[in-house]
Structure formats: structure tokens, C-alpha cells
Amino acid sequence: MKRFLSDPLLHFIALGAVLFGAWHFLHPDRAVNDTHTIRVDRAALLEFIQLRMRAFNEADAQARLASFTDEALDDVVNAFVREEALHRSAVAMGLDADDYVIKQRLVQKMEYMAEGVTADQSTPPDAQLEDFFHQHQAQYTEPAHISFTHVFFSASRHGEEQASAIAEKTLIELKSRQVPFTGATGFGERFPYLVNYVERTREDVAAHFGAQMTDALFALSPETFDLTEWRGVYSSSFGKHLVLLTRNVPARNPDFAEVRSRVLQDFTAEQLRARKAEFVSRVVSEYNVDIAADLQQGAAP
């Protein structure tokens, strides 16, 4: 008996039993979770809701949970149980080992947590928003835009000179008949893109007509045209154009009051990005990085 009691293996088993019992006593909830019992409580559902909403705000999750009907609550509980059961079974089978997709999902989860942890629900004062607006005023500039219709004659079909001659003849007719904006479709030939262009920026117009014709159209002063004044002949890479310009609005810088909602949205997004980057940086700083010698800068090939 003494020999049995002095056996080191028995001591190891006994110590293990004591530690196991103590851990279960100190962590009863964790002990339950390590069995085939899936515990569904308020805290678990709140975490589950926040993960599903991709918004880590416990107050919002509590409000959402409180608003559920009995049927909706049953659906959430069933979804939680299904996910937990599948997850535990997958881990038990070792399916999480060396899985890059799972690794990426865990990284995304940490990033979602970072967004929730760093989110600031308070509205900044207008003075702070105005400072942000002035620092980033270029992104709120409203670009110049024009509205026009055109009549097209294909250079590939007629040749440059013949297309110009046809356009000049048609221009006389358009002016004499004072053809309106809506009448352009009754003249000319099919253009590869559009006939009418409404409130289009310089970039939009240049993409279809080229820089030279675009510059010429945007150079027209709003005071020099009326709603029946056809102009031309203009040249693009496709051929010749007659243009009825109805609007030419120069670029402008709106006042802060006009774009306050956009400024608030952009300011909030920038603050969130900054706080999220700071959170991630703190996490990364907790680890030592050991770079292999052959990957370090200046290492010999």
C-alpha cells in the first residue's frame, strides 16, 4: 500500500483532479460550456447580436434584443445554437487548424471590435467641423458642369471635309428653324454615346468628345448663349458636331452650412479610421517581430 501511495503517477493524477475541480468551482459557466451543453443567456445573445450587426455597441444590442417578439427571439436563439454547435464540432474535428479563411475571419472580427471599441457616438461641435471643412475644402468643391445636346456627322463615313460641309449646311438650317433642345434627334447621325448631356462635368464630356472640344464648350460664357443658339462646327475623334448649349455652371465652393451633413459624415469616418489604426497599432506593438536574416533589408541574396 505504501508503495502504491508513493507512486508519482498517482500523485500526478490526484493533483490533476484537484486542479480540475478547483477550475470548475471557480469557473462554473466555463465548465458548462466545455460539455455538450450550449448555454444561451442574455450576455451570449448580446454578443451574438453585435457580431451579426457588425456594430459593437452594447446599448444598441440591448435595445434590439428588447424589441424582439417571441418569434423573433426564438429565431435568434436557434441561429445562435446552430452556429455554436457547428463551431464546436468543427473545432473538435480540428477544422480550424491552419485555415487561412478562418484566420482572415478572426482578423476581421478584431477589426470590427476595433471599430466598436473606438466608436464615438458624440457629435462634435460645429467649430471643430468647420475647421475640418476648411482643411479639406477641395473635396467639397462642386465641379463645373454643362448641359447640351448635339447633332453628329461621322468622319469615318463621310471623311473629315465632307462631314464638315454637311455640318455647316445643317447648322444654317438649325439656326433658321430655331430647333430646340428636344429637336436634336431629328438631325444628323447616330453617335456612339449620347445625344443629350445634362449637368455633365468636364471629365464626363472629355471621355466622349476629347479634351479639345470639351475645352471649347466649357469656355463658352453663360451670358453669350440662349436656348436656341446652335454652335459649331466642333471636332471630336468621331467626327463633327453641332452643339446647343443650355447651361454652363462654373465650379463653386459651397458654404459650410450647405454641406454640413457631408462634413459630419466625413469627419466621423476619419476619426474612426484614426482611432482604429491606433487600436491596431497598440495590438501589433505587443508582439516582437523576428524577421529572418535573408528577408532583412540589405541581406545578401
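The values are calculated or read from the model by the stated rules, or taken from the named source; none is laboratory data. The structure displayed is predicted, hence computed values, not measured ones. Cβ atoms come from the backbone with ideal geometry, glycine included; neighbour counts cover every protein chain shown. Please note that ligands, DNA and RNA were not included when accessible areas were found on the heavy atoms of the full protein model with its side chains. Shrake-Rupley method; radii C 1.70, N 1.55, O 1.52, S 1.80 Å.
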(request) May I ask you to evaluate 6.51 cos²θ - 1.76 cosθ + 1.60, the Karplus curve with θ = phi - 60°, for each residue of the range 265-280 and list the ³J(HN,Hα) values in order in whole Hz, giving x for glycine and proline? (result) 4, 5, 4, 4, 5, 5, 4, 5, 4, 5, 5, 5, 4, 5, 4, 5
(message) Straight-line reach from Lys276: which lysines fall under 30 Å, measuring Cα to Cα and dropping same-chain residues less than 8 apart?
(response) Lys103, Lys109
(message) Quick check: at a probe of 1.4 Å, how many percent of the accessible area of the range 63-136 sits on carbon and sulfur atoms?
(response) 54
(message) I'd like the accessible area for His145: 1.4 Å probe, protein heavy atoms, all chains in place, Å² to the nearest 10.
(response) 40
(message) Please give the charge dipole size of the range 137-232, origin at the Cα centre, charges +1 on K and R Cβ atoms and -1 on D and E Cβ atoms. Round to the nearest 20 debye.
(response) 300
(message) Please report the net charge: other residues with Cβ closer than 13 Å to the Cβ of His158, K and R +1, D and E -1.
(response) -1
(request) Order the following by accessible area, largest value first: Lys103, Lys276, Lys240. Probe radius 1.4 Å; ligands, DNA and RNA are ignored. (result) Lys103, Lys276, Lys240
(message) Given a 1.4 Å probe and heavy atoms of the protein chains only, how would you sort Arg157, Arg231, largest accessible area at the top?
(response) Arg157, Arg231
(message) If DNA, RNA and ligands are ignored and the probe is 1.4 Å, what is the ranking of Val233, Val205 by accessible area, most exposed first?
(response) Val233, Val205
(request) Please compute the net charge surrounding Thr214, taking Lys and Arg as +1 and Asp and Glu as -1 over other residues with Cβ under 13 Å from its Cβ. (result) -1
(request) Can you bin the range 93-168 into rounded, prolate or oblate? Criterion: square roots of the alpha carbon gyration tensor eigenvalues sorted a ≥ b ≥ c, rounded for a/c under 1.5, prolate for a/b above b/c, oblate for the rest. (result) oblate
